[in-house]
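One structure below.
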Amino acid sequence: MLLPASFTPLWSAPASSPPGGLWFVLESGRLLTSAAAGQADTLTVPQGDGPLVPVDGARCIGLLGEVPCWAARARTEAAPPGFTLEPLRRLFDRLPDELVAVAGRAAQALEFDRTHRHCGACAAPTEESDGGRARRCPACGEVYYARLAPAMMVLVTRQGPAGRELLLATGSRSGARIYSALAGFVEPSESLEDCVRREVDEEVGLQIRGLRYFGSECWPFPHSLMVAFLAEYAGGDIRCQEGEIVDAQWFPVGRLPALPHRLSVARQLIDHAVAEAER
Ligand SMILES: [Zn+2]
């Protein structure tokens, strides 16, 4: 998901910040929302001087236009009347895209705070550093920044008997049998290109060529940076990796299975390949 152009990322509130703002209150990955005024099918987040519920660790994460955006962790599992707490992923299409993206940043900032309260080297309590961007251990000097896990995604295509075909797979973790491009986390010492070739070989046993960068996107579940590529099939027969890939097939662009949500870089990658094939 992409932050809107009107969003200015910050790690603490600017001195001249107006009071109040938008509140992104999370409880175990669930976001506090309510129906937007006069629009029953559109959700929004609390707005005003306070977060409506008792919270811990409130921090400013940026400005949406001129409006400060606050992230905070709810100290209760119960939403107040008229509000609900729901997993962020289930709010796609009901919460405006720009609020989904800011909520993703809020979730990552709070997750960073939650998992770095103590130093991983000496176990002393850490304190805020670098204007809220980092946490530093006063005992041993170790400095921690928010974690990002680089992951690659690749859509392999080929010329089939009836036109362009896309290699799409469904994994053991895909509940609703959604088919997507191949993906995997980058390992230490690996380049993105090495990772793409290794993952394609491991997951489906194919060779590729002509790797082309497509784009990248933050995926805050919990902190992936997805880097997406297109590649051309170069050889091999599909052989699904046991325990990882349930099914992988060549799909003609005119006959695609259930695809990931439009906010995912995977879907944008697939849509791009389809548009390219139809050109
Ligand atoms: Zn330490």
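The table below gives the values:
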item	result
Qualifying position, being without any contact (Cβ under 8 Å) to a residue 60 or more places away in the chain, more than 30 Å from A123 (Cβ to Cβ), in contact with a helix residue (DSSP H, G or I) (Cβ under 7 Å, 6 or more places away or on another chain) and not hydrophobic (A, V, I, L, M, F, W, C), among G210, G215, G205	G215
Count of residues meeting criterion [assigned to a loop (DSSP other than H, G, I, E, B) and touching a strand residue (DSSP E or B) at 6+ places or on another chain (Cβ under 6 Å)] in the stretch 175-207	4
Selection count where residues are over 24 Å from A275 (Cα atoms), open to solvent by 60 Å² or more (accessible area, probe 1.4 Å) and either in a strand (DSSP E or B) or in contact with a His (Cβ under 6 Å, 6 or more places away or on another chain) (or both), scope the stretch 208-227	1
Which listed residue is within 16 Å of the ligand (Cβ to nearest atom) and either assigned by TED's automatic domain parsing to the domain that holds Q241 or open to solvent by less than 20 Å² (accessible area, probe 1.4 Å) (or both), from A134, A151, A162, A183	A134
Residue check, G120 surrounded by fewer than 15 Cβ atoms within 10 Å (Cβ to Cβ), farther than 24 Å from L88 by Cα and either of a type in the set (D, E) or away from the ligand (no atom under 12 Å from the Cβ) (or both)	no
Flag if E111 is within 16 Å of the ligand (Cβ to nearest atom), open to solvent by 30 Å² or more (accessible area, probe 1.4 Å), of a type in the set (D, E) and within 28 Å of P9 (Cβ to Cβ)	no
Every residue from the stretch 48-66 that is part of a strand (DSSP E or B) and open to solvent by less than 50 Å² (accessible area, probe 1.4 Å)	G48, V55, G57, R59, C60, I61, G62, L63, L64
Residue within the stretch 58-76 that is at negative phi and within 16 Å of the ligand (Cβ to nearest atom) present	no
Test for W11: is it within 21 Å of A107 (Cβ to Cβ) and open to solvent by 50 Å² or more (accessible area, probe 1.4 Å)	yes
Residues located in the stretch 189-202, provided they are in contact with a helix residue (DSSP H, G or I) (Cβ under 9 Å, 6 or more places away or on another chain) and open to solvent by less than 30 Å² (accessible area, probe 1.4 Å)	none
Scan of the stretch 212-228 for residues that are modelled with pLDDT of 95 or more and either in contact with a Lys or Arg (Cβ under 8 Å, 6 or more places away or on another chain) or aromatic (F, W, Y) (or both), ordered by number	Y213, F214
Test: residue in the stretch 34-47 that is under 19 Å from G104 (Cβ atoms) and touching an Asp or Glu at 6+ places or on another chain (Cβ under 7 Å)	no
Elements of type strands (runs of 3 or more DSSP E) in the stretch 75-173, at least 3 residues being closer than 30 Å to A36 by Cβ	83-87
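The values are calculated or read from the model by the stated rules, or taken from the named source; none is laboratory data. Small disclaimer: the values here were computed from a predicted structure and weren't measured. All Cβ positions, even for glycine, are placed from backbone atoms using ideal geometry, and neighbour counts span all protein chains on display. Calculation scope for accessible area: heavy atoms of the full protein, side chains included, ligands and nucleic acids excluded. Shrake-Rupley method; radii C 1.70, N 1.55, O 1.52, S 1.80 Å.
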